[in-house]
Each structure stands twice: as structure tokens, then as C-alpha cells.
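Below is one structure, written out as C-alpha cells; the observations come after it.
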Amino acid sequence: MYPTADIDLDPSLPENAEFWVPEPDEIDDCEGFGLFQDVWPITGVSADNAIAVAQEDELLCRVVADLAHDPADFDILAAAVETGSIGDDDEITAESLSALAPYLTGEPALEGLEVGVAGLVYALSAAGMFPAASCRGHADPDSWSAVPVVMFAADRVHAEALRPLVESSRCGFDLDPIRPELLVINGRSAEDTLRLGRAVLASIETFRSLG
């Protein structure tokens, strides 16, 4: 099962959106842009690299969703495949541990990102946009986001090309009140953001033609 939130999403571009892209000197080599913690720049990604990450994301999401019984379970199992390790977590059943064994390599997967959003992050970068932060959504009420979210910068022409894909993927746009200069994509579940990542990659030549 995929955790799914009962929320309203708007596929329209926000009226107050700021369409822009960061200059090279505004992107820190270690910390990206937007003043987030635990982030790094993901820019200039090749289509092949984005496809590889998206495919790995699809695989790991499917493995986790097939094993998870509830949102908390999804969180635990997703963290295991993301980090490649279960650490001291004793909440994973023997059955799940056996199914996860091929993915417990001791090394982080998905270039260090989270399942359900990693493929979309890389797809947006390959399509000429600038991801700033992402989260797959967590069951913990104190988490940054309860639903899958990707925050990014884009010029108007790229954002407008993205809009119909957001709508057809059943995702939505928003603005973050703390960082209103960034566009936000939300999904009700990881299935939605996975779907959008596939759609962006299927249209990669269209985005590349935009410059």
C-alpha cells in the first residue's frame, strides 16, 4: 500500500508564482539553494541519469508498497531501502527483511534522495528546471511534509510546459509561504509523483527544445 492523503490539489500555476532560475553563483556547491538543510545541488542532470534514477525509484517504491500494511510501516521500510540498512530497527518482520535483503547493500540508494520523489527530482533537473528540496511525506506528525513534495525553481516557459503533466498525473502546484519564490509540486501519494516523473521524462525532448 501507498500512504494516500485526502487533500485538495490544484494543477494550475499559482497566480503569485515567481518564474525564475538561480544564477550559477547562487547555487552553493555543497548546499544547493533556498537555504534548506541536508540538501545539495542537482542540476544539469542527463536524461540517461534521470531515467536510471526514476527506474530505481519505481522499483524500490513497488517493493516497499507491496510489503507495507500502513503509513508507519511504509516509512520504516522506505527508510531501509533508501539507506541500504535497517540499523537497529526491530519493527521489520522476518518476511519483510527477507524481501528487502537484495536492497540492503549498506549504501544509500537513489543518489541519497527518498523513494517516490527521487525520480521526479531528477526528471525536473533533466528537463531544465532546478530542484531545491524534496520529501516523500512521512507519517510522523512532526515531519516536514505529510505528502510527497518537490520544491523547485523554473522559468515561465518550463513551468507552463509542466502544467498539463502535473494535471494529468493528478498532482498539484502550490507555493511555500516561507519561500514563495519556489514552486511546489504535491501529490496525494508517491504513485502520483512517480507518475509525474515518468510523464516529464516521456516529454524530455519537448522540454529540451525550450532552451
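Observations
- Free of any GluC sites (Glu not before Pro) that DSSP assigns to a loop and that have at most 16 other C-beta atoms within 10 Å, the longest stretch within the chain is 92-180.
- Taking label points 7 Å from Cα along the Cα-to-Cβ direction, E167 and E18 give a separation of 2.7 nm.
- C-alpha center-to-center spacing [segment 174-211, segment 115-153] in angstrom: 9
- Taking the Cα centre of the chain as reference, the dipole from Cβ charges on Lys and Arg (+1) and Asp and Glu (-1) amounts to some 880 debye.
- Within the listed set V150, V166, V45, the residue fluctuating most in the Gaussian network model of the chain (springs between alpha-carbon atoms under 10 angstrom) is V45.
- Cα-centred dipole magnitude for segment 54-111, charges only on beta-carbon of K, R (+1) and D, E (-1), debye, nearest 20: 180
- For segment 194-211, backbone phi angles converted through the Karplus equation (6.51, -1.76, 1.60; θ = phi - 60°) give residue-by-residue couplings of 5, 4, 5, x, 4, 5, 5, 5, 5, 10, 4, 5, 4, 5, 4, 6, 7, x Hz, Gly and Pro being listed as x.
- Simple spin-label estimate for S46 and T93 in nanometres, 7 Å along Cα-Cβ: 4.2
- Helix 156-168 vs. the chain, principal-axis angle (Cα, 0 to 90°, nearest 10): 40
- Candidates per chymotrypsin sites (Phe, Trp or Tyr not before Pro) in segment 1-40, loop by DSSP, up to 15 other Cβ within 10 Å: F19, W20
- Stretched out straight at 0.36 nm per residue, the stretch from A101 to T206 would grow longer than its current Cα-Cα span by 33.9 nm.
- Cα gyration tensor shape of the chain, rounded if a/c is under 1.5, else prolate or oblate by comparing a/b with b/c: prolate
- Segment 54-111 - convex hull of the alpha-carbon atoms, volume per residue in Å³: 74
- Distance between the modelled labels on S85 and L35, one decimal in nanometres: 3.3 nm (7 Å Cα→Cβ projection).
- Directionally averaged shadow of segment 95-211, computed from the convex hull of its alpha-carbon atoms, nm²: 8.6
- For segment 2-105, the spread of Cα positions along each principal axis, largest first, Å: 49, 35, 27
- Across G119, G187, G128, mean-square fluctuation computed from a Gaussian network of the chain (C-alpha pairs under 10 Å connected) peaks at G128.
- Of the residues F130, I86, G116, the one whose Cα sits farthest toward the positive end of the charge dipole of segment 80-171, with +1 on the Cβ of Lys and Arg and -1 on the Cβ of Asp and Glu, is F130.
- Simple rule: put +1 on each Lys or Arg Cβ and -1 on each Asp or Glu Cβ in the chain, find the dipole, and look at P71, P141, L60; the Cα lying farthest toward the positive end is L60.
- Angle between the chain longest axis and helix 47-67 axis [Cα atoms, degrees, rounded to 10]: 40
- Taking R170, R188, R179 in turn, the Gaussian network model of the chain (Cα-Cα springs below 10 Å) assigns the largest fluctuation to R179.
Where a number appears in this text, it was derived from the coordinates with a stated rule and is not lab data. Note that the structure is a prediction, hence the values are computed from the model and not measured. No Cβ is skipped: glycine too gets one built from the backbone with ideal geometry, and neighbour counts run over all protein chains shown.
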